[in-house]
Every structure is written in C-alpha cells, then in structure tokens.
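Trainee: Have a look at this one before I ask anything.
The values are calculated or read from the model by the stated rules, or taken from the named source; none is laboratory data. Predicted, not measured: the structure shown is a model, and the values here were computed from it. Every residue, glycine as well, gets a Cβ built from its backbone with ideal geometry; the counts of neighbours run over all protein chains shown. Just so you know, the surface numbers come from the protein's heavy atoms only, side chains and all, with ligands and any DNA or RNA stripped out. Shrake-Rupley method; radii C 1.70, N 1.55, O 1.52, S 1.80 Å.
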Amino acid sequence: MEKFTKLRAVAAPLLRANIDTDAIIPSREMKAVSKTGLADGLFAGWRYRTIGGRDPNPDFVLNQPAYAGTRILLGGENFGCGSSREHAVWALFEFGIRAVVAPSFSPIFYGNCIRNGIVPVRLPADQIATIAAQVESDPPTQRVTVDLERSLVVAPDGSEHAFEIEPEAREMLLEGLDAIDLTLRSRAAIDAFLVRDRRLRPWIYELPRARTP
Amino acid sequence: MTTLFEKLWMQHVVAELPGGAALIAIDRIFLHERTGSIALKSLRERGRMVVDPARVFCTMDHIVDTFPGRGDATRMPGGTAFIVETRAAARESGIHLFDVRDSDQGIVHVISPELGIVLPGTTVVCPDSHTCTQGAMGAFAWGIGSTEAEHALATGTLRVTRPRTMRIRFEGKLAPGVTAKDLSLAVISRWGSAGGNGYVVEYAGSAIRSLEIEARLTLCNMATEFSAVTGLIAPDDRTFEYLAGRRFAPKGERWDAAVAAWRKLRSDDDAQFDVEYRIDVDDLAPMITWGTSPQHAVEVTGAVPTLERSGATREAYERALAYMGLSAGTVLADLPIDAAFIGSCTNSRLSDLRRAAALLRGRKVARGVKAICVPGSMAVKRAAEAEGLHEVFTAAGFEWRESGCSMCFYAGGESFGRRQRVVSSTNRNFESRQGPETRTHIASPETVAASAIAGRIADPRRLAALH
Ligand code: SF4
C-alpha cells in the first residue's frame, strides 16, 4: 500500500451531506471483477451530462479547470454512506484522491480508506466550511495540506486544524502496512485462541465441508 | 455491569491492539458475487489461502437475474462474468456456495438466518453493508469492505476498533398495521441518518420482546441507514425456536450446550451504555419516505415537511425535493405512483409476503402500476407457493419472481425508469438507487400493497379496515 506522510494539493469542496457510495461510483460503472478501471466512473452521475455517457457536466466541481489535479476532497457529514462497496475508495484513489476531509464518515467507508492509502480526516463542519471558502477564492494557489505525521490540516491561510485518528490507522497509513502481514505476526495468539474456543464453543467449528458440485 | 455487545466482544478478543482496538476472531464469513468475487480473486492473486473454508459461505444474489428460468445470463452489463468468476473462485477455495440453481439460494441476509449460519454469540462479516440485519439473532454481525474480507478469509480475524454502545428501548405495543419497518424509519427520522455513527445499537424493550424473528431482522436491517456499526437484539426463546433444526445449526447435545451458553447473552440489568434512547411505540403510525435519505420519513398520512421541520440542510432539502418532484406541504397519500416493489433483505420473508397478500387477496393492482414481488430466498418462495400466496400476488397483477436482490438496486440492467415514482419495501431511497432518476418511497410491505391497489400512496390501515 502507498505510504502517506504529508500532502499539499488542490482541494475540491463537495460539501453536501450523505454523499453515498452509489454516488461516488454508481453500480453500473463497476463493470468487471477488478479493483481498477474505475476512475472514469467516479461520481459519474454528477460528472457527466447523461447516465452512462461521458459528456462532462461543466457545473460539477471536478470538471472545472481551476480544480485540475485535485487530490483532496472536502466533504459533508456522513461521507461514504450506503453500500459497502470498496470500489468507491478504489475509484477515488485511481482518480488521484489521497485524503477526504469531512465532519463524519460511514464506518465501512472509513475503514476502506485506511486499507487503501487514503486518509480520512474528521474536522468540524464549520472548520471545513472556512477552509472551503479560502480554497474557492483561487483553487490552484489556495492549496490545502494534510499532514498525517502531525495529525494536522493546514488551511490555505496557514491556520492549523488538528484532527484525531486512531493510532493503528495512522501507523498503517504512514508505513503503508499490509494488515494481513501485520496480523500474521500474531499467529501464536490466534492459534491459542482457537484451541481454547474449540473447547468453549465447539458448535462454531463443527460444520460440514462444502458439497463439491 | 456488562452490555450484550461487550460480552460478544470479550468472547472474541484474540489479542489487544494499541489504541483500544483488538484482533477479533471471526466465526462466519459470507460473500456474494458482487463484492465477494473480488476478495476471493485478489486473495488468490496474492498467493493466500482461505484459512477455514468450512466456515465461509457465498451466495449469488445481487447480479443474478430474478426472471423465471434464469441461468448465468443477466441483464446487468458484464454481470455474467461476476457469476462465473465467483463460482470458479468458490469451488477452488472449497467454501460453501449457494449457486444460481441451488434450492437454498437467496439474499445473503435472508438465507444466513434461514440456514442457521448466523447463530447467537457469533461474529459474522460480509462485504455488504446490510450484514447488520443478522444482529437480530444476537450476533455481532457487520458489513466490511473487500480488503477486510480478504483479511478475514486469510486470517480468521479482523482488526477492529471497539465501537461505542447505544441502546434504544421500544416500549409499549404496536398498533395494527404498524411494523418493524415503521420502527426503523421512525428511529432514523427522529435521530438522523448519522445518528448511530460509531455505535453498536442494541434494540431492546417490551416491543422488541414481542417481535417475531423475521420482524427483528427487518428492524436490524436498517441499522446501516442509521450509520451504526451494527444493530443487535438479545437472543431469547423465539430465537432458539427459530433456529432449532436449521441446516447449519448445531444438533443434539451440541444444541443443548449452545442454548445454555446463549441464554447468558443479554445486557446485565445494570449495564451502562454510552447513549440511551427510548421510543414509546403505541402512537407510531406507518411511515414512508418523501426524500432521498432514509431520514426523510413521515407518517403515511403526513405531508412533505417544511425546511425547518425536515431536519435537513437547505441544500439537501431542496435537492431532495427537486429530485422527488415534490414541494413542501404535498400530502403523500395523494401522490399517484408508477410502480410497487416488494422484496429485498429488509422485507422479503414469508411473514412479509403473507401480510402483503392479506391486503391483495381479491383485489387488483391499479391500472398502469407495474408491481413486482421478489421473495428473499428460494425457501421463502417455496413456502409461499405452498400456501398459494403466489396466486394471490399474480391474480392481483404482481409479477412473481425468483429470489435475489433484483430491483432493490440498479446496476445497469433492469430499472424502474426515469422519474417513475415507486413505493418500495427496500431500505435505500438514494438518488438513482432503483434506476436512473427513479423516485423511491420506502415503506412497509403493507403500505406497498395498499398503494399498488390504490394507484397512489395509501395508508394500509384503511384498506385493512375495509377488508
Ligand atoms: S436486497 Fe438490496 S440492500 Fe439487501 S443485500 Fe441485496 S442489494 Fe443490498
């Protein structure tokens, strides 16, 4: 997984509440069993004029020339709600987004971000609104910094906004760690748990093998 | 002093991790062809194995067609590849597969309880947000992403940050015509679609004790629409009766030992929750959504609220009204509809179909209304047909389908169409959820049936009184 330490970049405000994963990547845009080939379908329902089409809607923020090269999204409350599809995060990543700043996130989306190198930053809505207003005055120059090492967002005017992130999530993002590798370091604990639990709850483990068709 | 959730948590801690997280043992993993296929494929590409395939299950529910005589062909563009690849990956890894033509096929959250896969006291994960449904059985069951599913498959564990706890007590007795679906819409409209964010929500109280298992599943189903980590209901005799003899449930002595252990799975009388709410259910009425978030819900006899009373921001409110083609003060019961849908992991079980059929019997769907009923599993379908319910639905003018998610969501295949107004027993009324620009109103199966007959949004209690 790609490491994240600090990023200064163009940020795009998309402040509406409850942006769901269907809006981030519509079902119809997930055309193959794959984690890639999704960037084109990102926000497709808003980004293009017609369903399934590719004619850009000039009103949508990511289509505006001033927001070219956006790598940070400023979002509204309950960002990433709805379907658990990780494709939403894969699409954001492939598009170039490396951090999403929002007042709150859906729990599944939040976890998916951390496992794919996108920093989910929680800041109060009024602080995000202030940052967005600064960005909007001239997006290409009014850049936002997400500093994960110091757990800070630096607004275009230089003001610093501290955010909280779980220690393990922070470490995984900073180091680009693979969670499976990390967990397999605890293999002895897992084995010990299973020995104990098989005695306590044998019915959990005594399932018939799959019928081979 | 301990809550039910804390008991479940402590029984599954393999190791403590820094920052209040823990490595949690996972008892059951469920996959489906839409999001599970990618997890199995990616696991194989990374050279890892499924650690205990006997505890992993997979169904074909999301993309599979629901038309009679279906096979691997599906109306969703590219959909067949998902089915074929999932089948190959499932066979290769030796997990249980409920394939397109399997007699136990159905929607994951319908068949898991039905087959006794989810049990009280288990941890269950699935790369699907409505996994919270299964918390109704007294399990810690929650939706995850595909990468986490890979982790669970490869290690039998997940790294989880411990959620906070909330309890909602439902006290009193539900009036006739008011259902678990109305309870969940009442909760979300009262405390908002982010109201449960960060919490495991235990549903408790006298009204929950008297709910049948299928209704409890409906209630827990929409915990994710409340943004909760999951919903949870303490298991009781109803739960044990429901599970006894199911295909994957323990049998004989093992069953007795399991039930003895499950009886301890309840919050202690002095348990402390981070947040507690209470709802008196006596006065609740059937609910229906007017907007594009599940929190945009009012009584079926009500009207679209003003901005001030909607609980939404101005932008969200105006956007929702424009999308739905409504304005403040519009009385919902007057709105003509184009379609009616009964199905989904929320409301597609036998009891749902029975209650809808009771209203449809001897009546006809209004002219011009497209009406569809999709049983949640093949077992539900067989049981319904044994009672003759399919004849009631088809005589009324409903299509009667094979089981699956069907038009609960739009994936480029079948859709209700632009600006079509649909009353639906599903769980999400997001923009374009059931088709491009389709206008979804979520309600109970009773309200869907009554509305289908009236050709406009209708209060099922009035129809019941006539009957
Ligand atoms: S029925 Fe709908 S909500 Fe339920 S699992 Fe299927 S697509 Fe998801």
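Trainee: Kindly flag which residue pairs out of B:41/B:381; A:6/B:41; A:35/B:370; A:3/B:41; B:173/B:264; B:181/B:364 have an alpha-carbon separation exceeding 29 Å in this structure.
Mentor: Values: B:41/B:381 32 Å; A:6/B:41 32 Å; A:35/B:370 36 Å; A:3/B:41 24 Å; B:173/B:264 26 Å; B:181/B:364 24 Å.
Exceeds cut-off: B:41/B:381; A:6/B:41; A:35/B:370.
Trainee: In peptide B:111-122, what is the residue-averaged number of other protein chain Cβ atoms found within 10 Å of each Cβ?
Mentor: Details: counts 0, 0, 0, 0, 0, 0, 1, 0, 3, 0, 3, 3.
Per-residue shielding by partner chains comes out at 1.
Trainee: Then there is this: When the helices in chain A are scored as -39500 (n - 2.57) per DSSP H run of 4 or longer and the sum is shared across all residues, what 222 nm value do you end up with, to the nearest 500 deg cm²/dmol? Before the final figure, lay out each step's value.
Mentor: Working: 8 runs with 67 residues, N = 213.
Using -39500 (n - 2.57) per qualifying helix, the result is -8500 deg cm²/dmol.
Trainee: Mind checking the dipole of chain B: about its Cα centre, +1 per Lys or Arg Cβ, -1 per Asp or Glu Cβ, Debye to the nearest 20?
Mentor: Values: 55 positive and 54 negative charges, 143 e Å.
Charge dipole of chain B: 680 debye, to the nearest 20.
Trainee: So how do B:334-340, B:454-460 stack up, highest first, on mean other-Cβ count within 10 Å?
Mentor: Order by mean packing, descending: B:454-460, B:334-340.
Trainee: Taking the Cα centre of each part, how many Å lie between region B:5-49 and region B:123-164?
Mentor: If you average the Cα positions of each part, the centres end up 6 Å apart.
Trainee: What range in chain A is the longest one free of trypsin sites (Lys or Arg not before Pro) that are in a loop by DSSP and have at most 16 other Cβ atoms within 10 angstrom? Could you put the intermediate results ahead of the total?
Mentor: Details: sites that count: A:3, A:16, A:49, A:54, A:150, A:185, A:209, A:211.
Between exposed loop sites, the widest span is A:55-149.
Trainee: I'd like the distance between the alpha-carbon centres of region B:53-116 and region B:305-365, rounded to an integer number of Å.
Mentor: Comparing the Cα centres of region B:53-116 and region B:305-365, I get a distance of 30 Å.
Trainee: Where does each of B:255-261, A:128-134 land if you order them by average Cβ count within 10 Å, highest first?
Mentor: Details: B:255-261: 15.0, A:128-134: 18.7.
Going by the mean number of other Cβ atoms within 10 Å, highest first, we get A:128-134, B:255-261.
Trainee: For residue B:7, give me every one of the aspartates and glutamates with a C-alpha distance below 12 angstrom, ignoring sequence neighbours fewer than eight places off in its own chain.
Mentor: Once the sequence-local aspartates and glutamates are set aside, what remains near residue B:7 is B:268.
Trainee: Report D for region A:99-213 in µm² per second (integer): Stokes-Einstein, Kirkwood Rh on Cα pairs, 4 °C, 1.567 mPa s.
Mentor: Result for D is 74 µm²/s.
Trainee: Please compute the contact order of chain B in relative form: average sequence separation of alpha-carbon pairs under 8 Å and at least six residues apart, divided by the residue count, as a percent.
Mentor: Numbers: 1129 pairs, mean separation 79.9, N = 467.
Relative CO of chain B lands at 17 percent.
Trainee: Per DSSP helix of 4 or more residues, -39500 (n - 2.57); summed, then divided by the residues of chain B. What does that give at 222 nm, rounded to the nearest 500?
Mentor: Numbers: 17 runs with 154 residues, N = 467.
Rounded to the nearest 500, the figure is -9500 deg cm²/dmol.
Trainee: Considering only DSSP beta bridges whose two residues both sit in chain B, what percent are antiparallel, to the nearest 5?
Mentor: 25 percent
Trainee: Please list the non-local residues whose amide H lies under 5 Å from the amide H of residue A:121, H modeled 1.01 Å from N, same-chain partners needing a gap of 5 or more.
Mentor: The list, which skips near neighbours in sequence, is A:100, A:101, A:102.
Trainee: Now for a different question. Take the alpha carbon atoms of region B:232-304, find their center, do the same for region A:131-184, and report the distance between the two centers in whole angstrom.
Mentor: 39 Å
Trainee: Say R0 is 30 Å: what FRET efficiency, to the nearest 0.05, do residue A:49 and residue B:102 get from their beta-carbon distance? Spell out each step's value before the answer.
Mentor: Details: r = 42 Å, r/R0 = 1.41.
That gives a FRET efficiency of 0.10.
Trainee: Roll a 1.4 Å probe over the protein heavy atoms and report the accessible area of residue B:296 in Å², nearest 10.
Mentor: Only protein atoms counted, so the area is about 10 Å².
Trainee: Still on this structure, please answer the following. Take the alpha carbon gyration tensor of chain A, find the square roots of its eigenvalues, order them as a ≥ b ≥ c, and report rounded if a/c is under 1.5; if not, report prolate when a/b exceeds b/c, else oblate. Let's see the in-between values first.
Mentor: Details: a/c = 2.57, a/b = 1.53, b/c = 1.68.
Because a/c hits 1.5 or more and a/b fails to exceed b/c, chain A counts as oblate.
Trainee: Still on this structure: Counting pairs of alpha carbon atoms under 8 Å apart in space and at least six apart in sequence, what relative contact order in percent does region A:17-135 give?
Mentor: Computed over region A:17-135, the figure is 27 percent.
Trainee: Among the GluC sites (Glu not before Pro) in region A:104-177, which ones are in a DSSP loop with at most 16 other Cβ atoms within 10 Å of the Cβ? Mind listing them? Walk me through the numbers before you get to the answer.
Mentor: Numbers: sites: A:136, A:149, A:160, A:164, A:168, A:171, A:175; in loops: A:149, A:164.
Those that pass, being in a loop and sparsely packed, are A:149, A:164.
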